[in-house]
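The structure under discussion appears below in the form of structure tokens.
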Amino acid sequence: MGAIPNVGGRDIATILEPQAERRQALPGFGPEYCDIVDYILRCTHRIWEQKDVGLIATHYAPDIKVQMMTGPVEGMDGVIAGTARTLSAFPDRTLTGEAVIWSDEGDGAFLSSHRITSSATNLGPSELGPATGRKIHFTTIADCLCKANLIIEEWLVRDYSAMALALGFRPRTIAREQALSDREASPAQWRLAAIDTIRAVPATRFPTHPLPDVATDPAAFATQMLDRIVNHRRFGTVRDVYSPAAHWAGPGGRRLFGWGEITGWFTALIGTFGDAQLRVDHVAAVEGPRGHDIAVRWSLAATHDGGALYGPPSGHPIYILAVTHWRVTSGQIVDEVTIFRRSGAASSD
């Protein structure tokens, strides 16, 4: 088996060229796929850009569960319908894969964290509002659990607030309407259950020991680092783990640089959600020529009790599902992309 190349700026035409042989054992996967990165990039291109939406039937499990902004969607038919709705709103959507960070989950299963930046023209009504005719760019990260040629579970996060701003809408107005609709129906039981699950995790002891080596144990590093910064409010840890010239991209199209601004983001997060409790749900890491790429899926339970980020405090419970991608070089985070889906009654960006 050969080395498994990541996206690495390769042109999609190069990625889609037929492969001579498999570079990785993929039990039950189609013969056209040579490794898990190839599987994710190739089937995504066929479904979205070649508009072969029916291919979902051969690549998604019939009982798949997709965690989305509005809650879980169950069943392959829901995935097909959601894909068709997105394409009707953005029919010329072009997807550029930026990274596929994966892990071997054992028993022939793989977890892929696929970061995509899309370019699309809004030619039809979307969940954000009526068609605007504007061309926009937006970032999505999809964590997909794959086995035997099927995606059996997916966690999808997209920067909806950046999309709304680019389309000319007011994200806070959209968030307020969605929150009102949610309350008028009934409290989303899936959200309350997710919050309860995070709250049930026992608190760790106040951390004073050095963090694990990110190169040799990225999962322990990610878990302890986020626990230290968010759960224990040790914001000074930013200087220990980020490069002083680190670039950070996050929700609402935010772009930050360096220790001061990244520290400010974490303090603003706690300034908005004073009782925030974070749990790391999954970590994947791959080594490349420029260091390690690490994908961390995490969730957070909180009360919207401060106005640092999302408008006046509402006092409502909030659930956040997030995926963070790090590029780590010489033991420091030099690039970060964080996308999250927030569910609850707080206003949006």
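Only a single item in (1) surrounded by 15 or more Cβ atoms within 10 Å (Cβ to Cβ); (2) basic (Lys, Arg); (3) under 30 Å from ALA175 (Cα atoms) is not met by ARG46, and it is number (3).
So which residues in the stretch 259-287 are among the small types (Gly, Ala, Ser) and surrounded by fewer than 17 Cβ atoms within 10 Å (Cβ to Cβ), if there are any at all? Working first, answer last.
First, the residues of the stretch 259-287 that are among the small types (Gly, Ala, Ser): 260, 264, 268, 271, 274, 276, 284-285.
If the condition is that a residue be among the small types (Gly, Ala, Ser) and surrounded by fewer than 17 Cβ atoms within 10 Å (Cβ to Cβ), then GLY260, GLY264, ALA268, GLY271, GLY274 are the ones that fit.
Taken over the stretch 49-97, the residue count meeting the criterion of being over 20 Å from the mean Cα position of the chain (by Cα), part of a loop (DSSP other than H, G, I, E, B) and of a type outside the set (S, T, N, Q) is 6. Annotation note: Cβ proximity below 7 Å between a residue of the stretch 263-291 that is on the phi > 0 side of the Ramachandran plot and a residue that is modelled with pLDDT of 95 or more and buried (at least 18 other Cβ atoms within 10 Å of the Cβ) (sequence gap 6+ or interchain) occurs for GLY291/ARG327; GLY291/VAL328. Scanning the stretch 117-137 for residues that are hydrophobic (A, V, I, L, M, F, W, C) and at pLDDT 95 or above yields ALA120, LEU123, ALA131, ILE136.
So, ALA203, is that one of a type in the set (A, V, I, L, M), in contact with a helix residue (DSSP H, G or I) (Cβ under 9 Å, 6 or more places away or on another chain) and in a loop (DSSP other than H, G, I, E, B) or not?
Values: of a type in the set (A, V, I, L, M): yes; in contact with a helix residue (DSSP H, G or I) (Cβ under 9 Å, 6 or more places away or on another chain): yes; in a loop (DSSP other than H, G, I, E, B): yes.
Here the answer is yes, as ALA203 does meet what is asked.
Need pairs with beta-carbon distance below 9 Å; first residue under 25 Å from MET163 (Cβ atoms) and within the stretch 54-70, second among the aromatic types (Phe, Trp, Tyr) and not in a helix (DSSP H, G or I); sequence gap 6+ or separate chains. Note: pairs meeting the criteria are VAL66/TYR60; VAL66/TRP155; GLN67/TRP155; MET68/TRP155.
From the list ASP38, ASP92, ASP77, ASP107, pick out the single residue that is surrounded by 21 or more Cβ atoms within 10 Å (Cβ to Cβ), among the acidic types (Asp, Glu) and free of Cβ contacts under 8 Å to residues at least 60 places away in the same chain.
On the way: ASP92 fails: surrounded by 21 or more Cβ atoms within 10 Å (Cβ to Cβ); ASP77 fails: surrounded by 21 or more Cβ atoms within 10 Å (Cβ to Cβ); ASP107 fails: surrounded by 21 or more Cβ atoms within 10 Å (Cβ to Cβ).
Of the residues listed, the single one that is surrounded by 21 or more Cβ atoms within 10 Å (Cβ to Cβ), among the acidic types (Asp, Glu) and free of Cβ contacts under 8 Å to residues at least 60 places away in the same chain is ASP38.
From the list ARG255, ARG342, exactly one residue is under 18 Å from the mean Cα position of the chain (by Cα) and either surrounded by 18 or more Cβ atoms within 10 Å (Cβ to Cβ) or among the aliphatic types (A, V, I, L, M) (or both). Which is it? So that I can check it myself, show each step before the final result.
Working: ARG255 fails: either surrounded by 18 or more Cβ atoms within 10 Å (Cβ to Cβ) or among the aliphatic types (A, V, I, L, M) (or both).
Every option except ARG342 fails the conditions.
Taking (1) more than 30 Å from PRO218 (Cα to Cα); (2) more than 20 Å from the chain's Cα centre (by Cα); (3) of a type outside the set (Val, Ile, Thr) in turn, ALA120 satisfies each apart from (2). A residue that is within 16 Å of TYR39 (Cβ to Cβ), assigned by TED's automatic domain parsing to the domain that holds PHE29 and not in a helix (DSSP H, G or I) occurs nowhere in the stretch 117-135.
Quick one: would you say LEU165 is over 30 Å from ARG134 (Cα atoms), assigned to a helix (DSSP H, G or I) and not charged (D, E, K, R)? Lay out the reasoning, then the answer.
Working: over 30 Å from ARG134 (Cα atoms): no; assigned to a helix (DSSP H, G or I): yes; not charged (D, E, K, R): yes.
It is false that LEU165 is over 30 Å from ARG134 (Cα atoms), assigned to a helix (DSSP H, G or I) and not charged (D, E, K, R).
Would the stretch 119-135 turn up any residue that is touching a strand residue (DSSP E or B) at 6+ places or on another chain (Cβ under 7 Å), within 22 Å of GLY28 (Cα to Cα) and surrounded by 17 or more Cβ atoms within 10 Å (Cβ to Cβ)? No, there is no match, as no residue in the stretch 119-135 is touching a strand residue (DSSP E or B) at 6+ places or on another chain (Cβ under 7 Å), within 22 Å of GLY28 (Cα to Cα) and surrounded by 17 or more Cβ atoms within 10 Å (Cβ to Cβ).
Okay, residues lined up against (1) of a type outside the set (S, T, N, Q); (2) assigned to a strand (DSSP E or B); (3) closer than 19 Å to PHE266 by Cβ:
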{"residue": "HIS292", "(1), (2), (3)": "yes, yes, no"}
{"residue": "ALA302", "(1), (2), (3)": "yes, yes, yes"}
{"residue": "GLY307", "(1), (2), (3)": "yes, no, yes"}
{"residue": "PRO312", "(1), (2), (3)": "yes, no, no"}
{"residue": "VAL323", "(1), (2), (3)": "yes, yes, yes"}
{"residue": "VAL328", "(1), (2), (3)": "yes, yes, yes"}
{"residue": "PHE340", "(1), (2), (3)": "yes, yes, yes"}
{"residue": "SER343", "(1), (2), (3)": "no, yes, no"}
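Give the residue, chosen from THR173, THR216, THR223, THR197, that is surrounded by fewer than 17 Cβ atoms within 10 Å (Cβ to Cβ) and at pLDDT 95 or above. Answer to the selection: THR197.
The values are calculated or read from the model by the stated rules, or taken from the named source; none is laboratory data. Here the structure is a predicted model, which is why all the values come from computation and not from measurement. Here the Cβ is made from the backbone with ideal geometry for all residues, glycine too, and neighbour counts use every protein chain on show.
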